[in-house]
Amino acid sequence: MAETGTQVQKKEAQVPERMERTRANRVYTPQVDIIEGPDNIVVTADMPGVDDKSVDISLEKNILSIYGRVEDMSFDNHRPLFTEYGTGDYERSFTLSDEIDRERIQASVKNGVLKVVLPKVAAAKSRKIAVTAEV
Amino acid sequence: MLWTEFDRFGGRLDPWSDLDWPWSPRGLFTAPRQQAAEFPLVNIWANADEAILTTETPGMDPSSLEISVAGKTVTLRGRRAPDELKDGSTYHRQERWQGQFSKAIELPFNLDADHVEATFKKGVLKVTLPKAATDKPKTIQIKSE
């Protein structure tokens with residue numbers, strides 16, 4: 001079962017060795033898409049259960065960290081019958097190159113999907129070199 | 001125990017089979033093996049009157065999700081379109097699930113299809129599935145004579 005579900009199964013986030021989290025809840029690594037365009041880099045992360053108030057994005061030196069808090073979804077008077085996934089917070093960090101314009105980073109959350117737009121610094125945008133065909 | 005001993009059986013002997021069953025009681029719930037039958041992952045809670053099914057479908061438009069109920073079975077259908085790639089854009093990472101899915105879950109009781117309710121919030125779909133009246137437990141009054 002474990003081998004077949006590797007793509008959809010949630011992966012728990014790793015903690016550095018000999019370190020522990022203060023909160024005892026589970027933390028998962030969100031699945032992300034990263035798309036680089038001519039003007040920006042867009043990071044899209046699946047974080048179901050997270051809204052605009054429960055997500056923290058920080059940029060320290062060149063590490064972009066995403067942390068999303070999720071309220072535990074359990075129901076009183078109900079017992080779990082069948083569980084395929086666990087609920088927990090989301091955490092993931094990325095190293096950015098220097099070419100990001102830190103002042104203009106934008107982030108939005110919609111339907112549990114976080115989208116961070118990292119605009120490139122004007123100087124870093126690649127200049128297009130026109131190639132002419134010689135006859 | 002030595003792993004080589006298990007290898008000799010050609011992997012037929014699964015040492016974890018006993019541990020595995022609480023999470024996949026195959027006799028009770030059968031998810032037919034279809035295209036991407038495993039997405040989305042589903043949790044089910046139950047009490048005497050109803051079952052609550054939750055599933056994580058982030059980024060999906062509620063209108064593109066289809067829930068159908070027949071007898072004991074709930075079927076979830078939907079699709080998640082990939083992001084449109086503009087000219088000059090390239091993927092650095094592409095980990096998010098995309099495509100079409102259809103997942104059928106069979107519950108151990110009949111469902112009252114007329115009173116099924118579904119809400120979609122923060123990328124989490126919650127479906128309340130009441131038990132059919134015929135399957136509900138009946139309390140019997142004891143008369144004292």
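Mind telling me which of the residues B:Lys131, B:Lys136, B:Lys143 ends up being modelled with pLDDT of 90 or more, over 27 Å from A:Asp46 (Cβ atoms) and touching an Asp or Glu at 6+ places or on another chain (Cβ under 7 Å)?
Only one candidate passes the filter, namely B:Lys131.
Could you tell me whether region A:19-39 includes any residue that is facing chain B (nearest Cβ under 10 Å) and open to solvent by 70 Å² or more (accessible area, probe 1.4 Å)?
Applying the first criterion (facing chain B (nearest Cβ under 10 Å)) to region A:19-39 yields A:29-39.
Then drop every residue that is not open to solvent by 70 Å² or more (accessible area, probe 1.4 Å), which leaves A:39.
Within region A:19-39, one or more residues are facing chain B (nearest Cβ under 10 Å) and open to solvent by 70 Å² or more (accessible area, probe 1.4 Å).
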Find all pairs meeting these conditions: Cβ atoms under 9 angstrom apart; at least six residues apart or on different chains; first residue within region B:36-62 and more than 8 Å from every other protein chain (Cβ to nearest Cβ); second residue part of a loop (DSSP other than H, G, I, E, B) and basic (Lys, Arg). B:Ala48/B:Lys136; B:Asp49/B:Lys136
Would you check which residues across region B:86-103 are open to solvent by less than 90 Å² (accessible area, probe 1.4 Å) and either part of a strand (DSSP E or B) or touching a Gly at 6+ places or on another chain (Cβ under 9 Å) (or both) and list them? B:Gly88, B:Ser89, B:Thr90, B:Tyr91, B:Arg96, B:Gly99, B:Phe101, B:Ser102, B:Lys103
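Which one is most open to solvent (accessible area, probe 1.4 Å) among residues in region A:61-76 that are of a type outside the set (A, V, I, L, M, F, W, C) and under 16 Å from the mean Cα position of the chain (by Cα)? Full working, then the answer.
Taking region A:61-76 as the starting set, the residues that turn out to be of a type outside the set (A, V, I, L, M, F, W, C) are A:61-62, A:65, A:67-69, A:71-72, A:74, A:76.
Next cut, under 16 Å from the mean Cα position of the chain (by Cα) only: A:62, A:65, A:67-69.
On the way: A:Asn62: 50, A:Ser65: 36, A:Tyr67: 57, A:Gly68: 0, A:Arg69: 84 Å².
Across region A:61-76, the extreme among qualifying residues is A:Arg69.
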Residue hits (region A:94-120; exposed (fewer than 13 other Cβ atoms within 10 Å of the Cβ) and either touching a helix residue (DSSP H, G or I) at 6+ places or on another chain (Cβ under 9 Å) or not charged (D, E, K, R) (or both)) are A:Thr95, A:Ser97, A:Asp98, A:Gln106, A:Ser108
At pLDDT below 90 and touching a Leu at 6+ places or on another chain (Cβ under 7 Å): which single residue out of A:Ile100, A:Ile66 fits that description? A:Ile100
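The values are calculated or read from the model by the stated rules, or taken from the named source; none is laboratory data. No experiment lies behind these values; they were computed from the predicted model shown. Note: ideal-geometry Cβ built from the backbone for every residue, glycine included; neighbour counts use all protein chains shown. With ligands, DNA and RNA removed, areas are computed over all heavy atoms of the protein, side chains included. Shrake-Rupley method; radii C 1.70, N 1.55, O 1.52, S 1.80 Å.
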